[in-house]
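These notes concern the structure reproduced below.
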Amino acid sequence: MKDLEGFKSLISKPKKVVIVTHFKPDADALGSSLGLAGFLKKKGHSVQVITPSDYPKFLHWMPGNDKVLAILKDQPSTEQKASEFVANAEVIFCLDFSSLNRIHSLGEMVRNAKATKVLIDHHLEPEHFAHYEHWDPKAASTAGLIFDLIEIMGEKSSLDKDIANCLYAGLLTDTGGFRHSNTTQKEFLIASELVGAGANPSWVSKMIYDTNTLARMKLTGFVLSQKLIVLPEFRTVYICLDSDELKQFDTKTGDTEGLVNYGLSIEGIRLSVLMYDRKEEIKLSFRSLGNFPANEIARKYFDGGGHRNAAGGSTKLSLEETLKKFLSILPEYKSQLESDD
């Protein structure tokens, strides 16, 4: 953060604080938000975490989850409440997203708010809408950046087991269980500090990875046996799920999370893509290995973006048209997909 002293001054006295994170938040988004909320509450601030949507049930264990305000389509009052919190806030923290369009209806609320805005994020191409930025695209997780900020402010003694478990969850998942190429020595050092502060690695791992509904397990089996398509000539795997198939398995928010990763576990595959029908749009998740730019495909063709090896996008086309479009662009990347770099 460029103006660390200014930021420290900003939060030195109790204020009305709002923390917002991206649509359909994952463990890093929610964990960093709740971890920061716990820290700020210890400093006497009044804190409200707001999410622009619901999020997976397997994240509900996080300390502070019961106080989160999620904007829900079938409950208009939630958006009104969010609007009031944002309008009255003195400081708004924006976590784990780089552009205000990632928070949907909250975007214009935050843009027009009188509050001082703080961006903490690791995604590419930030919008630079905030007064303060703690931004590093080389960081593996936003949770790690929260820890980093607490550390450079000399506030590590404020960490407790609840804050540590939330931040550990974000670090764990955004490194793929410390397996992704973004895992460096620093991630292990942060993990060690969080465990020292009370984080419980085995419990957090179980809550996130091993707390499945029977329906979700059956969906996974269906995808692996019936829906996973391999294109060996492009070293690519894709999965398409239509709305009827999602309904068949009573799919809830978060149930499709992780499915795209299975493709990359196949020997020789460099790109894996999941497409599924959310009714209002087709959502796409991209994962790649090595230097293959999954985020370029997401940004260039599917109104999305993200990290080089993990990105997302969406389209208003039908599922069939989306698949056809995706298949039509693969030849453009054939030489890169053939490379092992």
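Just so you know, all these numbers are worked out from the coordinates, no wet-lab data involved. Keep in mind that this is a model prediction, so the values were computed, not measured. Cβ placement follows ideal geometry from the backbone for every residue including glycine, while neighbour counts extend to all protein chains displayed.
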Seminar exercise, completed: Note: segment 1-112, point scatterers on Cα, Debye, no solvent; log10 I/I(0) at q = 0.10, 0.17 Å⁻¹ equals -0.27, -0.80
For this session: Highest first, please rank the peptides 94-104, 39-49 by the mean number of other Cβ atoms sitting within 10 Å of their residues.
Result: 94-104, 39-49
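Using a Förster distance of 41 angstrom, determine the FRET efficiency expected from the C-beta separation of Ser46 and Leu124, and round it to 0.05.
So the FRET efficiency works out to roughly 0.80.
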Exercise. If you find the alpha carbon centre of segment 146-165 and of segment 208-239, how far apart are they in angstrom?
Worked result: 37
Problem set entry | Choice from Met153, Met275, Met109 showing the highest fluctuation, given a GNM over the chain with Cα pairs closer than 10 Å | Met153
For this session: Using only Cα atoms, find the angle between the long axis of helix 76-88 and the longest principal axis of the chain, and express it within 0 to 90 degrees, rounded to the nearest 10.
Result: 50
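What ranking do Phe178, Phe326, Phe93, Phe234 get, fewest neighbouring Cβ atoms within 10 angstrom at the top? Numbers along the way, then the final one.
Working: Phe178 13, Phe326 21, Phe93 28, Phe234 18.
Lowest to highest Cβ neighbour count: Phe178, Phe234, Phe326, Phe93.
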Exercise. If you place +1 on the Cβ of every Lys and Arg and -1 on the Cβ of every Asp and Glu, how big does the dipole about the Cα centre of the chain come out, in debye to the nearest 20?
Worked result: 580
For this session: Based on the mean of other Cβ atoms within 10 Å per residue, sort peptides 205-218, 256-269 so the most packed one is first.
Result: 256-269, 205-218
Exercise. 222 nm [θ] for the chain, helices only, -39500 (n - 2.57) per DSSP H run of 4+, per residue, to 500?
Worked result: -11000 deg cm²/dmol
For this session: Give the value in nm², to one decimal: projected area of the alpha carbon convex hull of segment 190-246, averaged over all directions.
Result: 6.7
Problem set entry | Amide H partners (placed H, <5 Å) of Ala70, local residues excluded | Thr51
Exercise. Expressed in nm², what is the orientationally averaged projection area of the convex hull enclosing the Cα positions of the chain?
Worked result: 16.6
Exercise. Which percent, to the nearest 5, of DSSP beta bridges fully inside the chain are antiparallel?
Worked result: 45
Problem set entry | Whole-angstrom gap from segment 80-129 to segment 268-337, using each part's C-alpha centre | 27
Seminar exercise, completed: Rounded to the nearest whole number, the per residue volume of the convex hull around the C-alpha atoms of segment 246-341 in Å³ is 99
For this session: Quote to one decimal, in nm, the extra length available between Thr213 and Phe188 on full extension: 0.36 nm per residue of separation minus the C-alpha distance between them.
Result: 5.9 nm
For this session: Please work out how much length the chain gains when fully extended from Ser158 to Asn261, using 0.36 nm per residue of separation minus the C-alpha to C-alpha distance, in nm with one decimal.
Result: 33.5 nm
